[in-house]
1. Tell me the residue from Leu489, Leu524 that is without any contact (Cβ under 8 Å) to a residue 60 or more places away in the chain, open to solvent by less than 20 Å² (accessible area, probe 1.4 Å) and assigned to a helix (DSSP H, G or I), please.
2. If you scan segment 12-63, which residues turn out to be closer than 20 Å to Ala232 by Cα and assigned to a strand (DSSP E or B)?
3. Given the options Ser501, Ser492, name the one that is touching a strand residue (DSSP E or B) at 6+ places or on another chain (Cβ under 8 Å) and of a type in the set (Ser, Thr, Tyr).
4. Listed residues Thr45, Thr22; which is touching a Gly at 6+ places or on another chain (Cβ under 8 Å), open to solvent by less than 10 Å² (accessible area, probe 1.4 Å) and more than 29 Å from Leu513 (Cβ to Cβ)?
5. Please determine whether any residue of segment 371-388 is in a loop (DSSP other than H, G, I, E, B), at pLDDT 95 or above and in contact with a Lys or Arg (Cβ under 7 Å, 6 or more places away or on another chain).
6. Out of all the residues in segment 457-466, is one or more in contact with a helix residue (DSSP H, G or I) (Cβ under 9 Å, 6 or more places away or on another chain) and surrounded by fewer than 18 Cβ atoms within 10 Å (Cβ to Cβ)?
7. Among the residues of segment 267-280, is any among the β-branched types (Val, Ile, Thr), out of contact with any Gly (no Cβ under 6 Å at 6 or more places or on another chain), farther than 30 Å from Arg196 by Cβ and buried (at least 19 other Cβ atoms within 10 Å of the Cβ)?
8. Of everything in segment 64-93 that's among the polar types (S, T, N, Q) and either open to solvent by 10 Å² or more (accessible area, probe 1.4 Å) or assigned to a helix (DSSP H, G or I) (or both), which residue is modelled with the lowest pLDDT?
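The values are calculated or read from the model by the stated rules, or taken from the named source; none is laboratory data. The structure presented is a predicted model; accordingly, all values stated were derived computationally and were not measured. All Cβ positions, glycine included, derive from the backbone under ideal geometry; neighbour counts span all protein chains shown. Side chains are part of the model used for accessible areas, which takes the heavy atoms of the whole protein and leaves out ligands, DNA and RNA. Shrake-Rupley method; radii C 1.70, N 1.55, O 1.52, S 1.80 Å.
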Amino acid sequence: MAGDGQQWLIPTRRFLRMCRQTMRRPKVADSFDVELTGSGLLLRTILFRRLLLRHVLSPDERTVGVLLPPTVPTVLANAALLLARRVPVNLNYTISNEMLNRCIARARIRRVLTSRKAMERFEHLKPEAELVYLEDLKDRVTRADKLAAAILTWLAPSKLLDRWFGLDEIEPDDLMTLIFTSGSTGDPKGVMLTYRNVGSNVESFHQALQLKPTDTLIGILPFFHSFGYTVALWAGLMLPPKVVYHTNPLDARQVGEIARKHRATLLISAPTFLRSYLRRVPAEDFASLELVVTGAEKLPRELADAFEGKFGVRPIEGYGTSELSPVVSVNIPPGRAPGQAAQWKEGTVGRPIPGVQVKVVDLETGEDLPPGKSGMLLVKGPNVMKGYLDEPERTAEVIRDGWYVTGDVAEIDEEGYIRITGRESRFSKIGGEMVPHLQIEEALGKILQLEEDKVAVAVTGVADERKGEKLVVFHTGLPKPPEQICRELTASGLPPIFIPSPDSFYQIPEIPLLGTGKLDLRKLKDLAESKAKGD
């Protein structure tokens, strides 16, 4: 049983106490003009819990799906399910119907919480589970529910609430949620995150960036993504800052409007979304921003320069993966680091957050490498997942002696800053040499002077009898012929083995992306294989 000394490891216990600290202060809001103080958040979560237990949940039901974009009701649904001692599984509404139902089946989900408005928006999805609409539950609240929730919110001591909801029986290594991976390299895997995983990651992130009660975070990342779940959802529930939610990170004008209205200071995003904001958000909307943290993909220096030039705040880069809860490292700008000194190195993803260890090992031998040498990045700490759901062999492949094998190739310098140099799955092995797709994409971006508000080029590889693999370049339109581009790639200093052949350039309507803004590597690979066959 987790004692008070380990209370910080149990996010739900810390949530109750944070609500008590912010009883009369705005704590969560959304773009639908819903705003709740700490007391309102706690009271409605307790009400929601009572309705779920009375009208929805079976005693033997462990996992419950949530199919909703980021809003205040989605926050309430997640918190209420955990107070009811269930495991919420936020489902990805940007994937195919087949993939969604595969996730539902794997997680043994019988019921999915959603809304009619959301299902109108997700018309391509037909979940094979009972749908529970939030609108229907709202009409079932009784006077007794309201009275009980008010008493528990305003009068019951926090320790009594722990016992009342059974939170004092939770162990740090109990399952808190399932995050299904984006499926960029294959079928989604169910990442099992524990209370310790999420609680420690929120606390370490907080220690690294010194979040303040006066901060307001823009919560635009979906909760089916681990960055959204841990930082946008649970950092908001466990820590003092207020969070304002919006349903779609690509709604640039609305994101700008809520930032201006709530005087947001923190934005957690991906470079793909920043490109859209750079083009469509007026400078005055982001005038209050103090900190912009990006992840999920590499932050180009040109994008950071342009964003800083327009909005007066330079985006910083962090790093993480779903299996690591997700935050591993982050750059820390002036004013956020202990002692106010910046801990920031351009072109890196920062240093590990407190409690997290990293190292790089040789890609072939697995031997530890010294600073400055590139190899496979391994991570160890309380943020390492419990494992993949029902896949012990797959889990054993990526967790070795407590170290998680990220699949990312990196180097760590003498000061401990991590530089991601590529992804193992984003390499082609040509003539026995590892050729990084990311490096070629960056060179193409400079040559083509691509627009900053969209992803217009992507590199992948397909099997080749003569060289093992060959490079394939997908694009949405080129300002010059492929032959000229290849000559310019050679002139830029890339090795000959890094230069795709002119007949390997293919135009497509749009580059396939996942809901998180990352490249859909699996779809790219399928497209490349189809082109190679002449389809």
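1. The match here is Leu489.
2. Passing the criteria: Pro26, Lys27, Val28, Ala29, Asp30, Glu35, Leu36, Thr37.
3. Being touching a strand residue (DSSP E or B) at 6+ places or on another chain (Cβ under 8 Å) and of a type in the set (Ser, Thr, Tyr) holds for just one of Ser501, Ser492, which is Ser501.
4. Answer to the selection: Thr22.
5. Yes, the conditions are met somewhere in segment 371-388.
6. yes
7. Scanning segment 267-280 turns up no residue that is among the β-branched types (Val, Ile, Thr), out of contact with any Gly (no Cβ under 6 Å at 6 or more places or on another chain), farther than 30 Å from Arg196 by Cβ and buried (at least 19 other Cβ atoms within 10 Å of the Cβ).
8. Asn92
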